[in-house]
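The values are calculated or read from the model by the stated rules, or taken from the named source; none is laboratory data. The shown structure was predicted, so the numbers you read here are calculated from the model rather than taken from an experiment. Cβ placement follows ideal geometry from the backbone for every residue including glycine, while neighbour counts extend to all protein chains displayed.
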Amino acid sequence: MLKNVKKDLSLRIHALGGIKFKEEGYTFNLHKKYPDAPKSPNYVDLRGIVRNRLMRMQIAGLMAGFILKIKPDRLIDLPEAITPLVTTLSDMTGIEIVSVRSEALKGTTKDHGEKNIINGHFERGMTGLLIDDVVSSMAATKFNAFPILRNAGLNLLPYVCVIMDREEGGAERLSREGYELKSLLGLHTDVTKDCFGEGIISEEILRMSVDFAKVAREYSLQAK
């Protein structure tokens with residue numbers, strides 16, 4: 001993807017509230033296990049971004065080429081953050097969607113009706129491409145989804161597609177399991193760098209972002 005396209009996307013995501021910065025920092029799930037870890041000076045939430053029609057169309061357009069190249073039988077969304085984008089990708093590519101139910105990702109099951117753990121029609125042996133909004137340090141939701149999808153009979157392609165990689169070890173953890181991360185943006189190689197270049201964030205915020213990423217990656221790659 002061209003550098004100016006990445007920069008435009010980074011700055012638009014910030015302008016629409018998809019990433020926020022503050023020197024007091026934010027706490028994440030990582031801090032429950034590692035309370036001494038420094039706080040993150042940035043917080044990424046792309047739920048609103050993929051519910052903005054123009055942003056959704058732009059992002060889907062950037063992803064569609066790769067999807068058409070590898071031609072999965074099904075697109076797989078992890079509800080509910082990324083669902084609007086995957087729906088648009090389905091419309092663009094003509095590839096149907098299946099969704100892992102949120103209860104299954106949390107380790108529970110639907111207790112009524114047919115007790116489905118995956119929504120959408122598919123047949124055993126079909127190939128599927130997993131799509132999500134962000135990869136964090138542990139990539140926990142993805143790892144929760146893999147066995148559910150495999151046990152249901154889907155043949156997962158060796159890729160995970162996302163809008164943004166926080167660049168904190170998640171890509172390396174996915175690689176260990178044979179999945180290549182395909183991300184439009186890197187939080188530090190693209191977003192924070194571009195925001196700093198435009199005077200949106202301070203040098204201190206930039207330094208804190210890099211420091212947190214380094215610590216988060218260390219914890220991530222140590223974890224089993």
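Conditions (1) without any contact (Cβ under 8 Å) to a residue 24 or more places away in the chain; (2) closer than 22 Å to residue 223 by Cβ; (3) surrounded by fewer than 19 Cβ atoms within 10 Å (Cβ to Cβ), marked per residue:
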site	(1), (2), (3)
69	yes, no, yes
95	no, no, no
125	no, no, yes
128	no, no, no
133	no, yes, no
139	no, yes, no
145	no, yes, no
152	no, no, yes
Go through region 84-96 and count every residue that is β-branched (Val, Ile, Thr) and assigned to a loop (DSSP other than H, G, I, E, B).
1
Taking region 48-67 as the search range and keeping residues that are surrounded by 14 or more Cβ atoms within 10 Å (Cβ to Cβ) and in contact (Cβ under 8 Å) with a residue 40 or more places away in the chain, which one is farthest from residue 164 (Cα to Cα)?
67
Which residues, counting only those in region 115-153, are in contact with a Cys (Cβ under 8 Å, 6 or more places away or on another chain) and of a type in the set (A, V, I, L, M, F, W, C)?
129, 130, 131
For region 192-208, does any single residue satisfy the condition of being modelled with pLDDT under 95 and either more than 23 Å from residue 37 (Cα to Cα) or under 17 Å from the mean Cα position of the chain (by Cα) (or both)?
no
Give the residue that is surrounded by the most Cβ atoms within 10 Å (Cβ to Cβ), with candidates limited to residues of region 71-92 that are more than 18 Å from residue 156 (Cα to Cα) and more than 17 Å from the chain's Cα centre (by Cα).
92
Between residues in region 10-34 that are crowded, with 17+ Cβ neighbours inside 10 Å and residues that are in a loop (DSSP other than H, G, I, E, B) and polar (S, T, N, Q), which pairs lie under 7 Å by C-beta distance while being six or more apart or on different chains?
30/137
Regarding region 97-111, can at least one residue be identified that is over 18 Å from residue 147 (Cα atoms) and modelled with pLDDT under 95?
yes
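Regarding residue 32, is this residue out of contact with any helix residue (DSSP H, G or I) (no Cβ under 9 Å at 6 or more places or on another chain) and either farther than 30 Å from residue 194 by Cα or of a type in the set (Phe, Trp, Tyr) (or both)? Steps first, please.
Working: out of contact with any helix residue (DSSP H, G or I) (no Cβ under 9 Å at 6 or more places or on another chain): yes; either farther than 30 Å from residue 194 by Cα or of a type in the set (Phe, Trp, Tyr) (or both): yes.
Spelling it out, residue 32 is indeed out of contact with any helix residue (DSSP H, G or I) (no Cβ under 9 Å at 6 or more places or on another chain) and either farther than 30 Å from residue 194 by Cα or of a type in the set (Phe, Trp, Tyr) (or both).
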